[in-house]
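First up is the structure itself, then whatever we jot down about it.
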Amino acid sequence: MLELYHWEPNAESLALLTCLKEMKLEFESHYVDMLKLEHHSAEYLELSPKAVVPLLVADGEAMSDTGFALQYLAEQFPKPRFAPTDPSAWYDLQAWSAWLSGMMGLGSNVQLLGWNYMMLEAMPADELDEFRARVAELPKEKQSGWAAVWSDAEADEDQLANAEQRVADVVTRIEKLLADSQWIVGDAYSIADMLAYAHIHSLSDLLPDIVSHQSTPNIIGWLERISERAAVTEAQSMRRSTIAPVLYAAPGS
């Protein structure tokens, strides 16, 4: 039995939702509202002590690392195949997964920028105040992750500039890679594309100077190919929030 604890269909939640839809696997969906800090509830912390979202549970085993969870699904359910069989390409897939999700990679930086550039403007003032009040109610040791950004400005200009540069570095590498290939790893659509798409698909709106038809035509073409897939449409249709087209979890969440 598969269960997925997820937030909105964005970032790593979108990657796992897309994978499950692509494989046409039955799973029990558990929506975890991160703006209500449901991932810090006692019930959820029993499953995920570090309050990580998303969380894949397979036959009672909880997997909080999205990259590993995607690899598990690709190996456990190999038809249709969404991972390479060649050892060298498999290594490349693992390396991409680690880099895209890692603190110096794409996921955390897009989260920081999305929160500051989009979410702070999109959230109604009363909802933002409620959100901050919920954070203030967390035990002190659980508030530490918010310390670096919890101010009126949320993050200083240096933090945002550094995050933009890291995103630009990843985008440049992927743009060059896609000049010679339609996909991130090997010659077929894979879980690496699912994970990368989940982080990159909103960048043309979030950072139009970095991702655009003019500056990154290969990435735009790749995004269009993926967005046309039925599984991606199905995953994105699971959206619940009406705050913004794409939601970003707050840094520290």
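None of the figures in this text is laboratory data; all of them are computed from the coordinates on show. Only a predicted model underlies this, so the values are computations on that prediction, with no experimental measurement involved. Here the Cβ positions follow ideal geometry from the backbone for every residue, glycine too, while neighbour counts run over all protein chains shown.
A few comments on the model shown:
- The length gained by stretching the chain between Gln182 and Arg225 to full extension, at 0.36 nm per residue less their Cα-Cα distance, is 14.6 nm.
- The length gained on full extension between Asp65 and His30, counted as 0.36 nm times the residue separation minus their Cα-Cα distance, comes to 10.9 nm.
- Relative contact order of the range 101-229, taken over Cα pairs closer than 8 Å and 6 or more residues apart, is 26 percent.
- For the chain, calculated [θ]222 nm from helices alone, where every DSSP H run of n ≥ 4 adds -39500 (n - 2.57): -14000 deg cm²/dmol
- Environment charge at Pro217 (Cβ cut-off 14 Å; Lys +1, Arg +1, Asp -1, Glu -1): -1
- Cα shape, the chain, gyration tensor, a/c 1.5 rule: oblate
- Contact order normalised by residue count of the chain, Cα under 8 Å, 6+ apart, percent: 29
- Rg/Rh, computed from the Cα trace of the range 101-229 with Rh as the Kirkwood radius, has the value 1.04.
- Taken one residue at a time, the phi angles of the range 232-246 give Karplus couplings (6.51, -1.76, 1.60, θ = phi - 60°) of 5, 4, 5, 5, 5, 6, 7, 4, 10, 6, 10, 5, 8, x, 10 Hz. Gly and Pro are set to x.
- Whole-Å distance, taken between Cα centres, linking the range 181-253 and the range 21-61: 22
- Modelled label reach - Glu121, point 7 Å along Cα→Cβ, the range 191-209 residues with backbone N closer than 12 Å: 205-208
- Model label points for Tyr72 and Ser212, set 7 angstrom from Cα along the Cα-to-Cβ axis, are 4.2 nm apart.
- Spin-label pair Asp129/Arg240, simplified geometry with 7 Å Cα→Cβ offset, distance in nm: 2.5
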